[in-house]
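The values are calculated or read from the model by the stated rules, or taken from the named source; none is laboratory data. Predicted, not measured: the structure shown is a model, and the values here were computed from it. Every residue, glycine as well, gets a Cβ built from its backbone with ideal geometry; the counts of neighbours run over all protein chains shown. These accessible areas exclude ligands, DNA and RNA; they are computed on the full protein's heavy atoms, side chains included. Shrake-Rupley method; radii C 1.70, N 1.55, O 1.52, S 1.80 Å.
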Amino acid sequence: MRHLLSSFRRRHHHHHHRITPPRIHFIFYANYKPQKPQPPPAPPSPPNPPKKPVTFTHHGESWEDPYSWMSQLNDKVAMRHMDVYMEQEEKYTEAVMSDTERLQSKLQTEMGSRLSNDLSTPPLRWGPWLYYRRVEEGKQYPVLCRRLARANEDFISNKSPSAGFDFTSGKRIEQKLLDYNEEAEKFGGYAYEELSEVSPDHRYLAYTMYDKDNDYFKMYVRDLNFGSLCSKPQEDWVSNIAWGKGGQALLYVVTDHCKRPYRIYCSMIGSEQDDVLLLEEPGENGYVSIRHTKDFQFVTVHIFSTTSSKIFLIDAAEPLSGMIPVWECEAQSHCVVEHHQGYLYLFTDAAKDGQSVDHHYLLRSPVNCTLNGRKWENIFSDNLEFIIEDVDFSDKHLVLIVRDGRNFRLCSISLPLPSVKEEIKLKELSPQFLPLPKNVSQIMPGTNYDYYSSTMRFTISSPLMPDAVVDYDISCGKWNIVQQQNLLHETTKVLYGTSSSASFIQSPRNLGSNNKINPEEHSMWNDLSEFYACEVHDVTSYDGIIVPLTVVYSRRRKKQAENPGLLYGHGAYGEILDKRWRSELKSLLDRGWVIAYADVRGGGGGGKKWHHDGRRTKKINSIYDYISCAKFLIEREIVQGNKLAGWGYSAGGLLVASAINICPSLLRAAVMEVPFLDPTNTLLNPILPLTPADYEEFGYPGDINDFQAIRKYSPYDNIQKDTLYPAILVTSSFYTRFGVWEAAKYVARVREYSVYDPKHPVLLNLTADIVEENRYLHCKESALETAFLIKMMES
């Protein structure tokens, strides 16, 4: 405006020596036309895919599927329509989320700044070597390396010495074993490794890489002395590997084209002879897996089907000498065999004397027995004061991950175990309990390859603490956190105004008689409980069963009945719900969100019965448990009544989607990542291979009772008509166990049946890569999901 007025004055000054202000204002305003307020832009219209109804009939029940064409992968016309539809969905999601671009950028920056800046994994000592992976500057994928332990006892990361070069001696002390960036060049810029096993003589590396164009894993063997690939074996469709003959032989399992592991081969490294077929499982329902015992003396073969589970033993020194049967039980039992000084140890949850058991137990038997003459003795008495969740062996110690109610503990006992005729109690073996932080949600054993080492590594997880990788030296009573993200703790202190100049020091501590640590040692764990709180509530489900509900929130931002909330759930395969601290959730916690975890039936942590009470015909229990937890959060005013969202991954997506069908108004929004949404069609006519565990979990369509249960809980088949649904974001990938068509069909039908409201959009977000394998892409996707949740709560 100043520019317009000044030019006006200059233009008229030549004719008029005096121009009065009123006239200037009059002329200016006479030419001014006030702008009419612009109406807000119309919300984008959701895609409307074509309907091509197909009728299905099973067990006398018929139903119609108008979007079945989306899964017809061999129909070129259908796939062209699918390409068009996917492009429309992509544009629609971008349009709906366009007003959150700045928020997404901010969230992505926040999440990216919290990524661990460790350039190396903590070194793993095995024999004379330290093995580790490190990331080179500007590279997307890591490099697998090793160096002699005696040359660098204080090695922490590749920073010292840089890239493995010792400037004092002028020698390179690091050996590159495998550069995954070079592997990515073979597979179209993408590197995903499933298996990686160094031979016990440290001479060879066997590994499998995913070929996404052919959808299988390809196995290679690399000679670490020369850095070159061995001419054989190089095989496709490999699912398992195990070393024999001290590293001179490699046993591997291949799958058929339905991805059923069914053949075991033995390859002699360096030999030109053809690989020997050791076993072929002909039955369509038979599956095979192998693993070596930790002392590399045996290779165990596990053959399981829908009817039975069998374990055989192969002498690793003579892998062609045949297989010895050592165990047989009912189907779907978890069985792991280890060897220690002439005894086989079996960790299993198989039935005892024909009676189902609720938890795992440990058996022992001498190696030199026939199957008919073999007698397994139970080591611990059944009235255990603790539930054994997992075990790990070394030459001198047995380490047990145990659960006391809901509390996880870690203890060791000396080996060999005494020879006793009767079962003994754990406390009679003088267990040494190892230190742990508060609020432990899971303990995961490390690889612990070095069988003869007294140091054993575990990863400790908590809702209030970044994962801690801890080395426990059981023989001398020391423990040390070898890797944990400390930057997160310092930046949180700055955010909440409690920053100080004190540094975080990790140093060994003596082992105690229990796993409770002193307050001064609590800071050792980089715990964030100063800023965030963790509570566990008992929720009564619809049938009176108590369901654990874990609630995490910011201490400074929690207000009664005012906070938005996000409820996680999974409830499948007997797996413990992942309640680890995730740095992307910090963006929600710091904005006042409550994060809750529903440990519904079907999941882990409560024994086999807890798992079985949430699968097949009882799957509906999982869904009502989740609904009960959601209602509890609202009724107890832990979250605001109209600001609760749900989140589910894979089978957890089925849980959340089914809960929405039953109570559409319960959630304000939901995020479902690669969800299982169409169990009726997927289980009846699988396009991607399924395993016996999948059918044991969700039901056999051939069984009429299972089929009726599937029809009842299936998200795709039970969408309510003429009802307002919450805002939903479904994310899927072209590389997922549950095809992208499941997500597309569900999104299309929800839009078709439910009441349309632009404030409750139903979105489909697609990625062309496996998000978990790229942490920067993971940040981007997490930022989109978080922005979606924030937008929906504020709309």
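General observations
- Once the Cα-Cα distance is subtracted from the 0.36 nm per residue extended length, the Q297 to Q88 segment shows a gain of 69.5 nm.
- Each label was represented as a point 7 Å from its Cα along the Cα-to-Cβ direction; for K51 and H257 these points are 3.7 nm apart.
- Charge tally for E428 (other residues, Cβ to Cβ under 13 Å; Lys, Arg +1; Asp, Glu -1): -1.
- Rounded to 10°, Cα long-axis angle of helix 740-753 versus longest principal axis of the chain: 40
- At R0 = 25 Å, FRET efficiency that the Cβ-Cβ distance of F226 and K139 yields, to 0.05: 0.60
- Taking volume of the Cα convex hull per residue in Å³ as calculated from this structure, the corresponding entry among (1) 241; (2) 159; (3) 223 is (1).
- For the pair R80 and I662, label points projected 7 Å from Cα toward Cβ lie 4.5 nm apart.
- Sequence-distant lysines (8 or more away, or on other chains) whose Cα lies within less than 24 Å of K558: K106, K438, K493, K579, K586, K631, K643, K791
- Added length on full extension, which subtracts the Cα-Cα distance from 0.36 nm per residue, V336 to W63: 93.9 nm
- Pairs of lysine residues in the stretch 192-334 - Cα separation under 24 Å, sequence separation of 8 or more or cross-chain: 11
- Cα→Cβ-extended label distance, 7 Å offset, between H202 and I687, nm: 4.9
- D353, D450, reordered so the largest accessible area comes first (probe 1.4 Å): D353, D450
- Largest accessible area first, the listed residues T723, T93 line up as T723, T93 when surface is computed with a 1.4 Å probe on the assembled protein chains.
- Accessible surface calculations at 1.4 Å, restricted to protein heavy atoms, place the chain at 47 Å² per residue.
- The stretch 554-600 and the stretch 327-388 have Cα centres separated by 38 Å.
- For the stretch 452-468, the Karplus equation 6.51 cos²θ - 1.76 cosθ + 1.60, evaluated at θ = phi - 60°, returns couplings of 9, 8, 8, 9, 10, 9, 9, 9, 9, 10, 7, x, 10, 7, x, 3, 10 Hz by residue, with Gly and Pro reported as x.
- Against the main long axis of the alpha-carbon atoms of the chain, helix 775-794 sits at an angle near 50°.
- Within the full protein context, the accessible area of R556 is estimated at about 150 Å² for a probe radius of 1.4 Å.
- Using the Cβ-Cβ distance between R150 and A42 with R0 set to 51 Å, the FRET efficiency works out to roughly 0.10.
- For S271 and L115, the difference between the fully extended length at 0.36 nm per residue and the C-alpha to C-alpha distance is 51.6 nm.
- Anisotropy class of the stretch 192-334 from Cα gyration tensor, a/c 1.5 cut: oblate
- Selection from G373, F217, V301 lying farthest towards where the dipole of the chain points positive, charges on Cβ: F217
- For the chain, the carbon plus sulfur part of the accessible surface works out to 50%, probe radius 1.4 Å.
- By DSSP, the beta bridges lying fully in the chain are antiparallel in about 85 percent of cases.
- E280-Y776 FRET efficiency (beta carbon distance; Förster radius 35 Å; 0.05 resolution): 0.20
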